[in-house]
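Beneath this line is the structure, given in structure tokens, with notes to follow.
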Amino acid sequence: MRVGPNIAFIIFILGVLSIYGEFLRPGRVLPGLFGSVMAVTGSYWLWRNSPRTPGLLLLSVGVLFLIAEALWKTHVVAGILGTISLLAGFSLLFPPARRIAPSLTIPISIVFGAVTTFLAFEAKRARRNKRSDL
């Protein structure tokens, strides 16, 4: 059985979003468990479709920008750059004959980047507003 890049992409993104759900409500095992299985399965099938180096590099840069958004005050600039890098990375991940459909790549990458940027913003705000009543 071979899973195409479109389905693998959707499985991977849904897996990561499920893991985000576990972060929002810690202690619920199923979102984290299913999310991990889906993210690993999606990653495996994306890898089996022979990704190209430029796409992998752009995805790495996008992840680094999103991590920077979560750690430092970037005023959403790193989140926007990370989203653009993810969009370009997923678009260029495979040769044109097997490329992920732009009708999937564009909206899903934008939503994923926006959710990640929003969650990073909220996490920074929560850390800043944390009380030390001890």
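The values are calculated or read from the model by the stated rules, or taken from the named source; none is laboratory data. Because the structure is a prediction, the values reported are computed rather than measured. Glycine also receives a Cβ, built like all others from the backbone with ideal geometry; neighbour counts cover every protein chain displayed. Surface accessibility is based on the protein's heavy atoms, side chains included, excluding ligands, DNA and RNA. Shrake-Rupley method; radii C 1.70, N 1.55, O 1.52, S 1.80 Å.
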Kirkwood-based shape ratio for the range 47-90, expressed as Rg/Rh from alpha carbons = 1.08
So how much accessible area does Arg25 have, in Å² to the nearest 10, using a 1.4 Å probe?
-> 150
Applying 1/(1 + (r/R0)^6) with R0 = 22 Å to the Cβ-Cβ distance of Lys124 and Ser60, what FRET efficiency is obtained, to the nearest 0.05?
-> 0.45
Can you list the HN-Hα couplings for the range 79-91, worked out from phi with the Karplus curve (6.51, -1.76, 1.60; θ = phi - 60°), rounded to whole Hz and with x for Gly and Pro?
-> x, 5, 5, x, 5, 5, 5, 5, 4, 5, x, 5, 5
Can you tell me the 0 to 90 degree angle between the C-alpha axis of helix 5-24 and the longest principal axis of the chain, rounded to 10?
-> 10
Excluding Arg98 itself, what net charge comes from residues whose Cβ is under 15 Å from its Cβ, given Lys and Arg +1 and Asp and Glu -1?
-> +4
Mean separation of Cα contacts under 8 Å (at least 6 apart) over the residue count of the chain, i.e. the relative contact order in percent, is 23
State in Å² the accessible area per residue of the range 52-111; use a 1.4 Å probe, count heavy atoms of protein chains only, and round to the nearest integer.
-> 55
Whole-percent carbon and sulfur contribution to the accessible surface of the range 59-134 (1.4 Å, no ligands, DNA or RNA) stands at 72
Pairs of Cα atoms farther than 26 Å apart, the chain, % = 26
